1. Output the peptides 351-357, 400-406, 64-70, 156-162 sorted from most to least packed, where packing is the average of other Cβ atoms within 10 Å over each peptide's residues.
2. Sort out for me the Cα centre separation of segment 193-233 from segment 414-463, rounded to whole Å.
3. Ordering 443, 454 by how much accessible area each has at a 1.4 Å probe, largest first, what is the list?
4. Using a 1.4 Å probe on the protein heavy atoms, what percent of the accessible area of the chain belongs to carbon and sulfur?
5. Taking the Cβ of residue 312 as the centre, find all other residues whose Cβ is under 12 Å away and add up their charges (Lys, Arg: +1; Asp, Glu: -1).
6. Roughly how many debye, to the nearest 20, is the charge dipole of the chain about its Cα centre, given +1 on each Lys and Arg Cβ, -1 on each Asp and Glu Cβ, and no other charges?
7. From the helices alone, meaning DSSP H stretches of at least four residues, give me the mean residue ellipticity at 222 nm for the chain, per-run term -39500 (n - 2.57), in deg cm²/dmol to the nearest 500.
8. Quick one: net charge around residue 410, please, counting Lys, Arg +1 and Asp, Glu -1 for every other residue with C-beta under 13 Å from its C-beta.
Amino acid sequence: MSLKSQIDAYLGADGRIAQAVDGYQVRQAQVEMAETVADIIEQDGSLLAEAGTGTGKTFSYLIPALLSGQKVIVSTATKTLQDQLLTKDIPLLMDVCGISGTARVLKGRENYLCPQRLEIAETAEQNTKEVWKKLNLIHDWQLKTRNGDKSELQALDENDPIWSKVCARMEFCQANECSGDDGCFYPGVKQQAQDAQILIVNHHLFCADLALREQGFGEVLPEADIYVFDEAHQLPDIAAQFLGFSVSRYQLDELVRDVRIAYKKEAPEASELADQASAVEDKVRVFNEALGKWEKRWTWEAFEASKASHKTLELLRNQLTQLIEVLKPLTDKGKLLSALYKRTQEFEKQIGSWLTASSENQIRWVESSQARFKLNLTPLSVADPFSRQRDALGGAWIFTSATLSVNHSFDYFAHRLGLGDAETRQWDSPFDYDKQAVIYHPIGLPDPKAPDYIKVCLRAAWPLLQESQGCAFLLFTSHRALQEAKVILSEHWDGTLLIQGDGPKTALLQRFKESDKALLLGTSSFWEGVDVKGDALKLVMIDRIPFIPPDDPVVQARENALKQKGLSGFFHFQIPEATIALKQGIGRLIRDTSDYGVLMLCDPRLTQKSYGRIITNSFPNFRWVFNADEAKQKLKRDE
Ligand code: SF4
């Protein structure tokens, strides 16, 4: 019996899920997607599946994957989806399908405790009282935890910097001289991942594994028969991060700090080690000063033209070489020195590669500000390594998201990951967008470059904000625009004003749902992965088409590469990127069949420029209105 023919027994009107879940309704798109995934699994094929919000796509891939009995890796972009899969969808489906397999989440190493580093941190002399308190907390938890996963340690803020001193990050690991016998959690966690039928990871970990395989340095993840990427639209950018590398001031400062600790603990007689730590620290500072104190993103060409920056980076690299020479004879004095020797070699090698990279597929760029810098090497395209690893691993590959296509074509996404041979399918959302919401596009707004643009947008939005009594997201494409709006609304809005950055995202969303007349002002991090159902959110305003700033070094390199092929960087890069981002932004409004409201898209280029049609053709089937009174009607539940 084929997998496809079994789908109806689970998702059909009289299927097992209908019998197990109250209020279950058959969704045709969900059934079709599950049948398509079943075929792809049996053919070991690849599928790009765009399924609109509310399709229920997690069931569409989980049911055939579970029924196949094969090993599955599901990779997601967000923790929210991982939690949903692990705690809700998979247990329910295993129960319904009568499958007794196991599902596990494997996270990146930095999420797990390294007992060795905890011990080192506990013996450092310069710990403050506050640090001691936190180390004691971690120590007590270490005695109880089974997996050493920091998400269990609720008493510690998830962004607390102390964690970076005790986590099992690869660059700090001295695995050669330290085994599971030392209480290391990571081997056990990895073994559980090996044994699970369904392994849930995030795109970062999947891509880190891909990069290791590509470089021939082994692997982190077990091999699987079925690979599913949900929220797949984020995958190309994350793959680019991991198939390249970066070296930051933060990492080099940590290196200096650890050299000083190792000197005191393992080689107090080697005073040249302390001298070297100070010399590296000095060169790091001088290099940062040469980059200037203003926040800046440098192309390689701009960096090369700055003689002082180039020269001081060479000096920093030379200093690292000297540190390596000093560390080399000390490696048998202790684990810390031995690990530092390898770590310094790695930094020196990366800076050397960065300075001398010549491949056309590598973009060299720098981010800098007063006390921060990061040298980045980003591949121009990840298509070759990604498709190479897909071929090497084999099996079925399913890529899904609500936003993969541009103007109903998957070419852009497929091209970025080298998936030209994949089958493509698109399913609309079951929501009745035409009835539930309208797109309000005010007429007569100035060019988005106009100095008073944000003020004019807010003036146009004002009648709607009054009508909806808040309950609105105001999404901006830049922090500057957000700050401008904040100043204006602080003066005029008498309800609750919540601003991205004023607290953790989840806390802001909670306050948004609970507060009267709430407005939430956000930039990129609120454009996706945010789910507010019901009356709490009735209006989403978006100020501009989210084009990536053209002075971004990666954008410049990608546009130049397209130009060399006779293609337009604007049409073949900026438009698809902006379309996918805008589709995510407008997807915030309607999250349920009973949701309703208004999407206010301010940017006049959507209707005045010819490219606007490519973008708007990619949207779900909303009705467009052009005057505020008509839009206001849609803010009432009963028209
Ligand atoms: S093997 Fe690595 S991560 Fe594990 S305890 Fe040892 S140093 Fe830490």
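The values are calculated or read from the model by the stated rules, or taken from the named source; none is laboratory data. All values reported here derive from a predicted model rather than from experimental measurement. Positions of Cβ are generated from backbone atoms using ideal geometry, with glycine treated the same way; all protein chains shown enter the neighbour counts. Ligands, DNA and RNA are stripped out before the accessible areas are found, and what is left, the full protein with its side chains, is counted by its heavy atoms. Shrake-Rupley method; radii C 1.70, N 1.55, O 1.52, S 1.80 Å.
1. 400-406, 64-70, 351-357, 156-162
2. Distance between centres, Cα-based: 33 Å.
3. Working: 443 120, 454 5 Å².
Per-residue accessible area, sorted high to low, gives 443, 454.
4. Details: 13690 of 28800 Å².
Here carbon and sulfur together make up 48 percent of the probe-accessible area.
5. On the way: positive: 283, 285, 307, 311, 317; negative: 282, 289, 314.
Net charge around residue 312: +2.
6. Numbers: 74 positive and 88 negative charges, 251 e Å.
I would put it at about 1200 debye.
7. Details: 28 runs with 307 residues, N = 639.
Calculated mean residue ellipticity at 222 nm is -14500 deg cm²/dmol.
8. Values: positive: 416, 425; negative: 50, 411, 421, 423.
Around residue 410, the surrounding residues sum to -2.
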